[in-house]
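The structure under discussion appears below in the form of structure tokens.
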Amino acid sequence: MEEKKGREKRRFERFNTGKEVFFQVAYDIKTKVSFQLVDKEAGKTLSRKYIALSKNVNVEGMCFTCTRELSPGDILVLEVNSMSSKRPVYMKGEVKWSSKNAEEQEDGNKFSTGVMLLDVEGKPVPDTFHKDENGDVVWSGVLEAILGSFQK
């Protein structure tokens with residue numbers, strides 16, 4: 001996301017991942033993800049899957065690069081494969097922004113996209129928050145799915 005007048009718009013800390021979306025390779029340290037657009041009127045996923053490379057993740061969202069420009073408000077179904085799980089984790093999210101990269105990435109991805117995740121495995125993301133003694137969110141099901149177990 002872009003900064004506005006020097007102020008960060010995110011509410012939560014980001015963790016750089018360099019993880020890919022969709023394909024799983026046992027020796028690869030990257031998390032791979034695929035996503036499908038949801039037809040808002042029919043409420044069904046469209047059949048084509050797109051592959052992306054995640055750039056970073058936080059407790060309620062992720063940023064990834066892909067070959068397709070998306071629009072704010074698009075709803076996505078994401079399939080995330082991580083090194084910490086043998087099966088994919090399914091998430092649903094809403095595109096908050098998408099922009100053309102200044103340069104095409106090595107993997108051919110031309111667009112960067114920010115997604116606010118709505119649910120992880122059918123559970124609302126806010127219900128997966130881990131909070132510290134002050135009530136501040138420090139971990140979530142999103143981070144659990146991509147980075148592994150919560151550690152105090």
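The values are calculated or read from the model by the stated rules, or taken from the named source; none is laboratory data. Everything numeric here is computed off the predicted structure, so don't read it as measured data. To get the accessible areas, we keep the full protein, side chains included, count just its heavy atoms, and leave off ligands, DNA and RNA. Shrake-Rupley method; radii C 1.70, N 1.55, O 1.52, S 1.80 Å.
What accessible surface, in Å², does a 1.4 Å probe find on Arg68, ignoring ligands, DNA and RNA and rounding to the nearest 10?
Surface accessible to solvent at Arg68 totals approximately 80 Å².
Provide Rg over Rh for the stretch 87-131; use the alpha carbon set for both Rg and the Kirkwood Rh (inverse mean inverse pair distance).
Value, to two decimals: 1.13.
Remind me, what semi-axes does the stretch 28-132 give for its equivalent ellipsoid, largest first in whole Å, using sqrt of 5 times each Cα gyration tensor eigenvalue?
So the equivalent ellipsoid measures 21, 18, 14 Å along its semi-axes.
Tell me the accessible surface of Asp136 in square angstrom (1.4 angstrom probe, heavy atoms of protein chains only), to the nearest ten.
Only protein atoms counted, so the area is about 90 Å².
With the cut-off at 23 Å, tell me which of the pairs Lys32/Lys123; Lys96/Lys131; Lys9/Lys131; Lys40/Lys92; Lys44/Lys123 have Cα atoms farther apart than that.
In this structure, Lys96/Lys131 exceed 23 Å between Cα atoms.
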